[in-house]
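Below is one structure; the comments refer to it alone.
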Amino acid sequence: MANRAGTSTAVVSYVLNNGPRPVSEVLRAKVLRAIDDLNYRPDGRARALRRPRRWRQIGLLVPDLTLPLFGEFVGRIEVEARARDHLTLIGNTGYDPERELEFATAFAEVGVDGLLVVGAANAPHTANLCRREHIPVVWMHNIRGAVEADIVGIDHVHAGELVARHLLDVHDCRDLAFVGGFTEADVCHGDRETVQQRFEGVASVVDQDLPIIRTDLTPSGAYAAVSAFLRDGARARSAFVVGTYGQTAATIRAVADAGLRIPDDIRVVGFDGSAADYGRLRLTTVQQPVDALAHEALGRLLGDSPLSDDGFAPTLKVGETCGCA
């Protein structure tokens, strides 16, 4: 390019990098004309290697950005990372094991400084990749498959116990039904591990077998399954515990479309959902400390904050759908 412009390589560098020395308008025009003639495009990655970086990068794998909980995690992690001069690359895996590994591989090729995985669907293979590439990795919320690492998250069994205990102790509800699915036959791409743990927590509190209204964890699946359940009057229940926030609105709609009232005829409780106060009725729900979890996970990944010795406890946020005023 310098030969084409009839000048030195230093002058070309000054034009491309806008300094550090001034270049006359005549020489600048020659260099820019040579750039156009040769159809030159700078290599951003090579340029980044030659200069000190303010911004570093982390990868963030999330199973479903359309779900409020995972959107909250992404928003909080992005803010925390930016405060530490890290940009966040986000991959939406859809709970697809192959897609998760594709994103992890791509992030490794880009050269991320660490990887956060929320709701991993392919934890062992992703862990092996990070080990080979010497990339630190931290797991959040829940994982599919075993890895030799702690998971930054709440005790979902305890979360199930909280909602069941509230229904039993406060409202004397003993005939509950659980809305959700957690087998491979029920759910292909979804957070079935978390739902199973919540189910186990609820079942540990009730005295009798806990009926399961099996769904694929989608709103449409929940609406269809709950509607079919309600059409059988002999199976009426006084309360539904909904395994994911994404199915809660569909469950409430199915109850209303069946001509029943919440909470007079059927009480509904669920999990997560910071926007739960803005429906017609405030949802009674067990919520996670999203900010604290995000802060802890990023601190572990970047090693710039002490590890917490305390567990992250879920909390019951009482609304109106359980029958409380």
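The values are calculated or read from the model by the stated rules, or taken from the named source; none is laboratory data. Small disclaimer: the values here were computed from a predicted structure and weren't measured. Glycine gets a Cβ as well: all are built from the backbone with ideal geometry, and neighbour counts include every protein chain shown. These accessible areas exclude ligands, DNA and RNA; they are computed on the full protein's heavy atoms, side chains included. Shrake-Rupley method; radii C 1.70, N 1.55, O 1.52, S 1.80 Å.
Things to note:
- Residue count, the range 277-294 (criterion: farther than 20 Å from G153 by Cβ and either among the small types (G, A, S) or part of a loop (DSSP other than H, G, I, E, B) (or both)): 5
- Taking helices (runs of 4 or more DSSP H) as the structural unit, no element lying wholly within the range 185-265 holds at least 1 residues that are aromatic (F, W, Y) and surrounded by fewer than 17 Cβ atoms within 10 Å (Cβ to Cβ).
- Residue count for the range 111-149, restricted to those that are touching a helix residue (DSSP H, G or I) at 6+ places or on another chain (Cβ under 6 Å), part of a helix (DSSP H, G or I) and not hydrophobic (A, V, I, L, M, F, W, C): 3
- Selection count where residues are among the charged types (D, E, K, R), surrounded by 15 or more Cβ atoms within 10 Å (Cβ to Cβ) and either more than 15 Å from the chain's Cα centre (by Cα) or assigned to a helix (DSSP H, G or I) (or both), scope the range 85-100: 2
- Residue within the range 4-17 that is at pLDDT below 75, more than 24 Å from V290 (Cβ to Cβ), open to solvent by 40 Å² or more (accessible area, probe 1.4 Å) and hydrophobic (A, V, I, L, M, F, W, C) present: yes
- Meets criteria (open to solvent by less than 30 Å² (accessible area, probe 1.4 Å), assigned to a helix (DSSP H, G or I) and over 30 Å from S238 (Cα atoms)) for A108: yes
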